[in-house]
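Enquirer: After the structure tokens below, expect a handful of questions from me.
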Amino acid sequence: MIQLTSQNIQLQAQAKNKEEAIRAAGRVLINAGNIAPGYIESMLGREEQANTYLGNGIAIPHGMGKDRELIHKTGVSVVQFPDGVEWNPGQIVRIVVGIAAKSDEHLSILAALTEVLDDTATADRLACTNDPADIIRGLGGNGAKPATAETPGDLPNPQYLEVQLRPGAGLHARPATNFVHIANEFQSELRVSFGGKTANGKAMASLLKLGAQGGATLHLSASGPDADAVLAALKEGVESGLGDEDEKETPVIAERASVPESSGRAIGGVAASPGLAIGRLHHFRADHIVVKDTPGDPDVEWGKFRDAIESAKGQLEDVYDSMKARVGKNEASIFRAHLAFLADAELAGEATALIEARHSAAWSWQQTIERRVAEVRQASDHHIAARAADLHDVGQRVLRLLAETEHSEAALPDQPCILIAADLTPSDTAKLDPQRILGFVTVAGGPTSHTAIIARSLDIPAIVGAGAAVLELTEGITCILDGTSGSLYTEPSAAELESARAFQVDMQRQRDEENFARYQPALMTDGHRIEVVANIGKAAEAATAVDAGAEGVGLLRTEFLFLERNTPPTEDDQFEAYSEMTRALNGLPLIIRTLDIGGDKVVPYLPQPKEDNPFLGVRGIRLCLRKPELFLPQLRAIFRASVTGPVKIMFPMIATLEDLRAAKEVAEQVRAELGVPPVEIGIMVEVPSTVVMAAEFAQECDFFSIGTNDLTQYVLAMDRMHAALAKQVDGLHPAVLRMIEQTVRGAESAGKWVGVCGGVAGDPRGAVILAGLGVTELSMSIPSIAAVKAHLRGISHAKAKAFAKQALACKTANEVRALPLP
């Protein structure tokens, strides 16, 4: 057991911010001989990955597992900050316990520490004491026994199981977090006993109180409808080590952002909008509206509420028109959705009820909108939860009007800058001028948020979800923002700045050269040709794709005709749209994917029952086969358009041969009724079942198009739109690449060709690998066409095959991305 002595304790310390506090805790560990100086940087690095604030004014900073060699011996330090240090917004820390854990010896102190979390009086006393002995007694040092954990109540009719922790894998912070995460996936109640203590297995603080070290035997008891299942899942989790392994670092993608390792800090977030920005930081602080409940005449207050709603609608109409002119109708439609919130009768009804109870209009609206935002944030569907930001944005717009405050746009410096913000609302982002805002970084947000979508449409490099550490950065320092890899480099050296600026110049020159040669085919140096085509989502983009160098359209997302309208498009509506594209393509091929809604795409006129997991539910071809009133008019329109140009049909989300056969049968009936010639029919390869049976599917269709975005999420079992998992959902993961290879081999057995229409196709590295795997058509977003064609023209197919073979042999996506690109 660790002996906590006065040597490990520093009282009455002061720190301006979290970094200073962590460094102070690290210095105590250095002086006690526990760690090498470099371990402090590891502690700071951990803080960027996870929040070490426990609660009740206590934080436990510790280093990353990969740096354990910097620990001389296990130990803890306790540094007291009576005046408090802001750890994260709203979190004030007064006791910092620095942990350097080479073994599990520190768990006895960690267990005692969690006792303090339940005892505010003790936490306050330890935060102000002038006697180190109080700290020693409070945390159970010198062999003192910590207070006994409160025992949760007994369970009715429990089932029991014993599990043994791996040696060296005690229930410290990360394994305990994973234990609790597993437990909370089940309904049953859970108790965990060890060393005479019993904890609630679904509560982190309670579980930490056990102080269970590696090799310890835990006694689990569960009661409820899935008791057997939760015990089995926890047994598997414990036996696998509960995730207690070294962290993996995500490198910068060299071919997309040539930024050297910074001599300052590199803060990682989620890539939201690509590009490289260099500039001084400016903290964006949105105005804070304080609302007091000043009761008045309900009729007067209701009039204020009605006028505010109408004024907000007018503002949003103006924002919509402005954004439509700047970036197009699709991106501007975000603000149509905001208008829909204002038309929500339930929201208005809740606010009105509060007004009628003689509360002020401003207070009533604030209470209503805050309650609804909180509910949306808690939604189990991540796509729904992500919309809380939009609802909050609308709420603040109305509240500013009700509180009779003008929205004072945060003052921006005259010179171009990089914005740092806790978050940016879609309205904030829509007002950004790319000439003044070089890029932005936000603490919160995800890559599919409307803020991120608008940033991409405005071509502003952006990083989201970077964590609270960015708010601690000093105003005015120069940084490099890499929106492609999601990294912010702080205070780079003069040489690094020069390198980044040179990279910007080179990138612009390269883009100019690629654009000049965009009409040349992607003919590789040994004569092998790859067809490069476009993914498009609306009729007008067909002509744009041709102008960008596309050799046709490899994916037409027909959803654009069905979304954001109150009734489905007619057969004639669709025929006109498809015919407009064939005319624009002037003989180039057009592959039309039939309606692919469900999952994250819904239409208001097609009510669907709620699904626990819509991505595994009725979507794509499954929905079309169940909705002939949608499917038949679309097929008729496609076949009619096929006589105006070379059209192919592609069915989405084909998982079984039965679905393919059923879809083909319906299509053939429609074709025969119209009396038009047959067209090629292909399928999207998006799920593992199709890959495994590729040879059989190839016997019954004309071509494959691999949707790497969906295939990746289904192979890795990770939602590609989940902000917390976005970095890991990588289409270049070896598991995905091996799936692609298997698909190509299956197609070749029947003499069929394979295309790829996912995000991997539009990346030069991905394009080379796909060409090497035998893919013959690459379909991508329009801006990527010239660059991919240029890169393929610069290498041989033999080199591409060798590179693909190397990629297949890799074990991780990081290894694939680290391979030198030919």
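The values are calculated or read from the model by the stated rules, or taken from the named source; none is laboratory data. Since this is a predicted model, take the numbers as computed values, not measurements. Quick reminder, even Gly has a Cβ in these numbers, built from the backbone with ideal geometry, and neighbours come from all protein chains shown. Note: areas computed on protein heavy atoms with side chains; ligands, DNA, RNA excluded. Shrake-Rupley method; radii C 1.70, N 1.55, O 1.52, S 1.80 Å.
Enquirer: If you wrap a convex hull around the alpha carbons of the range 487-593, what volume per residue comes out, as a whole number of Å³?
Expert: 166
Enquirer: Within 13 Å, Cβ to Cβ, of E514, how many net charges do the neighbouring residues add up to if Lys/Arg are +1 and Asp/Glu are -1?
Expert: +2
Enquirer: So, one more: Let me know the charge dipole size of the range 676-822 about its Cα centre in debye, to the nearest 20, where only the beta-carbon of Lys, Arg (+1) and Asp, Glu (-1) is charged.
Expert: Charge dipole of the range 676-822: 720 debye, to the nearest 20.
Enquirer: Also: Please work out how much accessible surface V394 shows to a 1.4 Å probe, ignoring ligands, DNA and RNA, in Å² rounded to 10.
Expert: 0
Enquirer: May I have the convex hull volume per residue, in Å³, for the Cα set of the range 694-822?
Expert: Normalising the Cα hull of the range 694-822 by residue number yields 109 Å³.
Enquirer: Continuing with the same structure: Calculate, for E475 and T525, the FRET efficiency according to 1/(1 + (r/R0)^6) with r their C-beta to C-beta distance and R0 60 Å; round to the nearest 0.05.
Expert: 0.75
Enquirer: Which entries of K431/K538; K292/K431; K66/K811; K648/K752 have Cα-Cα distances beyond 20 Å here?
Expert: K431/K538; K292/K431
Enquirer: Could you compute Rg(Cα) / (2.2 N^0.38 Å) for the range 734-810, with N its residue count?
Expert: Output field value: 1.03.
Enquirer: Then there's this: Hey, how many Å between the Cα centroid of the range 265-318 and the Cα centroid of the range 9-86?
Expert: With the range 265-318 and the range 9-86 each reduced to a Cα centre, they are spaced 37 Å.
Enquirer: What distance in nm separates the two pseudo spin-label positions at A494 and R626, each 7 Å out from Cα along the beta-carbon direction?
Expert: 6.7
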